Amino acid sequence: MNYDLQTDQQNVFFRCVEDSNEAIMITNMRGNLVYVNPAWTAVYKYTREEAIGQNPRILHSGMQSPEFYRSIWVAILDPELGHWKGELTNRAKDGTLVPVLLSITPFRAPDHTIIGYMGRALDMTGQKDLEAKILQQDRLASVGMLASGLAHEVGTPLGIVRGRAELLQMLVGDNQTVRSGLEVIVTQIDRISKLITALLRFSRGSDQVELRPTEILKVVNEVLALIGGNFRQDSIELKIEVPPGLKASADFSHLEQIILNFAVNAAHAIQKAIKDGRSSGHAMTVRAVEVADHVILSVTDTGCGITTEHRRRLFQPFFTTKDVGQGTGLGLAIVAKLVSEMNGEITLDSVLNQGTTFSVRLNKA
């Protein structure tokens, strides 16, 4: 059917709104939704029938304060301005946070009387993810340069201090007070040495990466042979859902470190869940599937889950949710760097008090 753009404007404009890739909604003067387009339902996961008659407050995520929303309406109701445009974060029906660029304008009758308001939202999820990745790469590069120099500068004097402490241990005889103090010194130096080792690993350049066809199951079995006993000791079930022969383009050592880090974090999360009272039915599942030209490797636990606030910072260097002395805060930052060096992507899905899944997408070998 051909439309006459001059005589059939109403239908043409309706089709433009219906087919727009921006999420469009219209409310009446009472603030109830009277129209949403297909893009709106796709972004926010509500059907049109579920949305009509509801207040747009169903999209509030809690990320903006009541004062923020009041400032929006101050702008819209200002006769000299009469509209609002800015960024905010909404929440879809399934709980997904959706960052959007939103504009709100009055919707007028033919006599120019305001009869409602129209909101147009551009989903910014892809752009925000890209910005976060770029920021993370810049942060990792800066910290890597600092870490390399710091590790070398600190490592040598620490080695000397440890050596002197061990020498004094041999000279103090049966003086248990002095001996105990020296043991504390040696223990703390060893702890710092582990951090230095992590810093050196973190600052290692990508020229050391060897991408080759790597069998996922072989790497998983090696890691679980190393730490599987710890899981069984805590009555944590280990599930391996990795088909034999499935290969990805990866560095064996990199992949081993990644899986090991995910597994250690899974054990910590499950131990915390047990401590909080969830004492049964715990498992860690390592899964790998082939999707088009990629291999998706995931590690899922039934642990305590990760809060939204912590998820935003999880891959930042030196951020940790573990107790003091139990983690350096470099583990996941190193994982992010290793994944990037293998041209992969890492994602996180977590539900508080239910569990967490870390996934890595790698190129298929």
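The values are calculated or read from the model by the stated rules, or taken from the named source; none is laboratory data. Here the structure is a predicted model, which means the values were calculated and not measured. Note that each Cβ is placed from the backbone with ideal geometry, even for glycine, and that neighbours are counted across all protein chains shown.
Summary of computed values
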{"read-out": "Verdict on I227 being surrounded by fewer than 16 Cβ atoms within 10 Å (Cβ to Cβ), part of a strand (DSSP E or B) and in contact (Cβ under 8 Å) with a residue 40 or more places away in the chain", "value": "no"}
{"read-out": "Residue list for the range 99-112, filter: modelled with pLDDT under 90, closer than 18 Å to N32 by Cα and not hydrophobic (A, V, I, L, M, F, W, C)", "value": "R108"}
{"read-out": "Residues satisfying the stated conditions in the range 25-64, i.e. basic (K, R) and in contact with a Lys or Arg (Cβ under 7 Å, 6 or more places away or on another chain)", "value": "K45"}
{"read-out": "Every residue from the range 94-108 that is at positive phi and surrounded by 15 or more Cβ atoms within 10 Å (Cβ to Cβ)", "value": "none"}
{"read-out": "Single residue of the range 54-80 satisfying the filter (surrounded by 11 or more Cβ atoms within 10 Å (Cβ to Cβ) and assigned to a loop (DSSP other than H, G, I, E, B)) that is farthest from the chain's Cα centre (by Cα)", "value": "D78"}
{"read-out": "Qualifying residue in the range 174-197 (condition: loosely packed, with under 15 Cβ neighbours inside 10 Å, on the phi > 0 side of the Ramachandran plot and modelled with pLDDT under 85)", "value": "no"}
{"read-out": "Residue pairs meeting the criteria (Cβ under 9 Å; at least 6 apart or on separate chains; first touching a residue at least 60 places away in the same chain (Cβ under 8 Å), in the range 79-98; second basic (K, R) and surrounded by 15 or more Cβ atoms within 10 Å (Cβ to Cβ))", "value": "L97/R91"}
{"read-out": "Leading residue by the ranking (modelled with the lowest pLDDT) among those in the range 200-219 that are touching a helix residue (DSSP H, G or I) at 6+ places or on another chain (Cβ under 6 Å) and hydrophobic (A, V, I, L, M, F, W, C)", "value": "F202"}
{"read-out": "Test: residue in the range 41-51 that is under 21 Å from Q127 (Cβ atoms), without any contact (Cβ under 8 Å) to a residue 40 or more places away in the chain and of a type in the set (D, E)", "value": "no"}
{"read-out": "Total residues in the range 230-246, condition in contact (Cβ under 8 Å) with a residue 24 or more places away in the chain and part of a helix (DSSP H, G or I)", "value": "2"}
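Conditions (1) among the β-branched types (V, I, T); (2) modelled with pLDDT of 95 or more; (3) in a helix (DSSP H, G or I), marked per residue:
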position: Q10; (1), (2), (3): no, no, yes
position: N21; (1), (2), (3): no, no, no
position: R30; (1), (2), (3): no, no, no
position: Y46; (1), (2), (3): no, yes, no
